[in-house]
1. Per residue Cα convex hull volume for the chain, in cubic angstrom?
2. What accessible surface, in Å², does a 1.4 Å probe find on Tyr36, ignoring ligands, DNA and RNA and rounding to the nearest 10?
3. So for each of 67-74, 22-29 I average, over its residues, the number of other beta carbons within 10 Å; can you give me the resulting order with the highest mean first?
4. Heavy-atom accessible area per residue, the stretch 1-93, 1.4 Å probe: how many Å²?
5. Return the carbon/sulfur percentage of the accessible area of the chain, one whole number, probe 1.4 Å, all protein chains in place.
6. Quick one: if you stick a label point 7 Å off each Cα along the C-beta vector at Leu73 and Asp41, how many nm between them?
7. Could you compute the FRET efficiency for Asn99 and Phe60, with r as their C-beta to C-beta distance and R0 at 35 Å, rounded to 0.05?
8. Among Lys113, Lys50, what's the order by accessible area (1.4 angstrom probe), most exposed first?
Amino acid sequence: MESKVTTEMVQDSKNVALLTWIGTIFFGFIPSLIVYLVKKDDTYVQEQAKEALNWSITAFIGYIVGLILTVILIGVVVMMAVGICHLVFCIMGAVATSNGKPFRLPFAIRLIK
(Lines give C-alpha, C1' and ligand atoms only; values in the text may rest on other atoms or scores of the structure.)
Protein backbone atom coordinates (compact mmCIF):
# COMPACT_ATOMS: atom_id res chain seq x y z
CA MET A 1 0.00 0.00 0.00
CA GLU A 2 2.79 2.42 0.89
CA SER A 3 4.64 1.88 -2.39
CA LYS A 4 1.48 2.81 -4.29
CA VAL A 5 1.26 6.11 -2.41
CA THR A 6 4.94 6.80 -3.11
CA THR A 7 4.51 5.97 -6.81
CA GLU A 8 1.49 8.27 -7.05
CA MET A 9 3.40 11.07 -5.33
CA VAL A 10 6.32 10.67 -7.74
CA GLN A 11 3.94 10.69 -10.72
CA ASP A 12 2.20 13.78 -9.36
CA SER A 13 5.56 15.53 -9.01
CA LYS A 14 6.44 14.69 -12.61
CA ASN A 15 3.04 15.89 -13.81
CA VAL A 16 3.26 19.22 -11.97
CA ALA A 17 6.80 19.80 -13.26
CA LEU A 18 5.66 18.93 -16.79
CA LEU A 19 2.73 21.36 -16.57
CA THR A 20 5.08 24.03 -15.26
CA TRP A 21 7.32 23.80 -18.33
CA ILE A 22 4.37 23.62 -20.75
CA GLY A 23 2.71 26.58 -19.03
CA THR A 24 5.95 28.53 -19.36
CA ILE A 25 5.73 28.21 -23.14
CA PHE A 26 2.38 29.96 -23.27
CA PHE A 27 2.21 32.16 -20.16
CA GLY A 28 5.82 33.06 -19.42
CA PHE A 29 6.86 33.30 -15.78
CA ILE A 30 3.37 33.10 -14.23
CA PRO A 31 2.95 29.27 -14.01
CA SER A 32 6.46 28.72 -12.70
CA LEU A 33 6.06 31.50 -10.12
CA ILE A 34 2.76 30.04 -8.87
CA VAL A 35 4.22 26.53 -8.60
CA TYR A 36 7.37 27.87 -6.96
CA LEU A 37 5.33 29.66 -4.29
CA VAL A 38 2.76 26.89 -3.73
CA LYS A 39 4.74 23.61 -3.89
CA LYS A 40 7.27 24.19 -1.10
CA ASP A 41 7.06 20.59 0.14
CA ASP A 42 8.23 18.86 -3.09
CA THR A 43 11.92 19.42 -3.83
CA TYR A 44 11.78 18.07 -7.40
CA VAL A 45 8.89 20.33 -8.38
CA GLN A 46 10.49 23.24 -6.51
CA GLU A 47 13.77 22.84 -8.44
CA GLN A 48 12.02 22.58 -11.82
CA ALA A 49 9.79 25.58 -11.07
CA LYS A 50 12.89 27.55 -10.06
CA GLU A 51 14.64 26.58 -13.30
CA ALA A 52 11.58 27.51 -15.40
CA LEU A 53 11.28 30.81 -13.53
CA ASN A 54 14.94 31.64 -14.11
CA TRP A 55 14.55 30.85 -17.80
CA SER A 56 11.40 32.97 -18.08
CA ILE A 57 13.19 35.94 -16.57
CA THR A 58 16.16 35.41 -18.90
CA ALA A 59 13.87 35.20 -21.94
CA PHE A 60 11.99 38.32 -20.83
CA ILE A 61 15.27 40.24 -20.59
CA GLY A 62 16.19 38.93 -24.05
CA TYR A 63 12.89 40.15 -25.47
CA ILE A 64 13.40 43.60 -23.91
CA VAL A 65 16.92 43.82 -25.38
CA GLY A 66 15.53 42.76 -28.76
CA LEU A 67 12.81 45.38 -28.51
CA ILE A 68 15.37 48.07 -27.79
CA LEU A 69 17.58 46.88 -30.65
CA THR A 70 14.75 47.11 -33.17
CA VAL A 71 15.87 50.70 -33.61
CA ILE A 72 18.89 49.41 -35.54
CA LEU A 73 16.90 46.52 -37.11
CA ILE A 74 18.90 43.70 -35.50
CA GLY A 75 16.34 43.47 -32.72
CA VAL A 76 13.94 41.48 -34.86
CA VAL A 77 16.59 38.78 -35.26
CA VAL A 78 17.34 38.86 -31.53
CA MET A 79 13.66 38.51 -30.66
CA MET A 80 13.25 35.61 -33.10
CA ALA A 81 16.31 33.86 -31.64
CA VAL A 82 15.03 34.31 -28.09
CA GLY A 83 11.60 33.01 -29.15
CA ILE A 84 13.08 29.90 -30.74
CA CYS A 85 15.30 29.27 -27.70
CA HIS A 86 12.30 29.74 -25.42
CA LEU A 87 10.26 27.18 -27.31
CA VAL A 88 13.09 24.64 -27.59
CA PHE A 89 14.21 24.91 -23.97
CA CYS A 90 10.67 24.63 -22.63
CA ILE A 91 10.04 21.54 -24.76
CA MET A 92 13.34 20.04 -23.56
CA GLY A 93 12.30 20.75 -19.96
CA ALA A 94 8.88 19.19 -20.52
CA VAL A 95 10.38 16.04 -22.03
CA ALA A 96 12.96 15.68 -19.26
CA THR A 97 10.43 16.19 -16.47
CA SER A 98 7.93 13.78 -18.03
CA ASN A 99 10.65 11.14 -17.65
CA GLY A 100 11.33 12.24 -14.07
CA LYS A 101 14.82 13.56 -14.80
CA PRO A 102 16.06 16.88 -13.43
CA PHE A 103 16.51 19.47 -16.17
CA ARG A 104 19.07 22.25 -16.02
CA LEU A 105 19.25 24.81 -18.80
CA PRO A 106 22.55 25.31 -20.62
CA PHE A 107 22.39 29.04 -19.95
CA ALA A 108 20.07 31.18 -17.91
CA ILE A 109 20.49 34.03 -15.49
CA ARG A 110 20.16 32.37 -12.10
CA LEU A 111 18.34 35.06 -10.12
CA ILE A 112 16.31 32.59 -8.04
CA LYS A 113 18.69 30.39 -6.04
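1. Details: hull volume 9.9 nm³, N = 113.
Considering the Cα atoms of the chain, their hull volume per residue is 87 Å³.
2. 40 Å²
3. Details: 67-74: 10.8, 22-29: 17.5.
Top of the packing list down: 22-29, 67-74.
4. Working: 5640 Å² over 93 residues.
Accessible surface, normalised per residue, equals 61 Å².
5. Values: 5260 of 7030 Å².
Carbon and sulfur together cover 75 percent of it.
6. So the label points at Leu73 and Asp41 sit 5.8 nm apart.
7. Details: r = 28 Å, r/R0 = 0.79.
Once rounded, the FRET efficiency stands at 0.80.
8. Lys113, Lys50
The values are calculated or read from the model by the stated rules, or taken from the named source; none is laboratory data. Values in this document were obtained by computation on a predicted structure and should not be read as measured data. Because the Cβ atoms are built from the backbone with ideal geometry, glycine has one as well, and the counts that use them run over all protein chains shown. We work out accessible area using only protein heavy atoms, side chains counted, and drop any ligands, DNA or RNA first. Shrake-Rupley method; radii C 1.70, N 1.55, O 1.52, S 1.80 Å.
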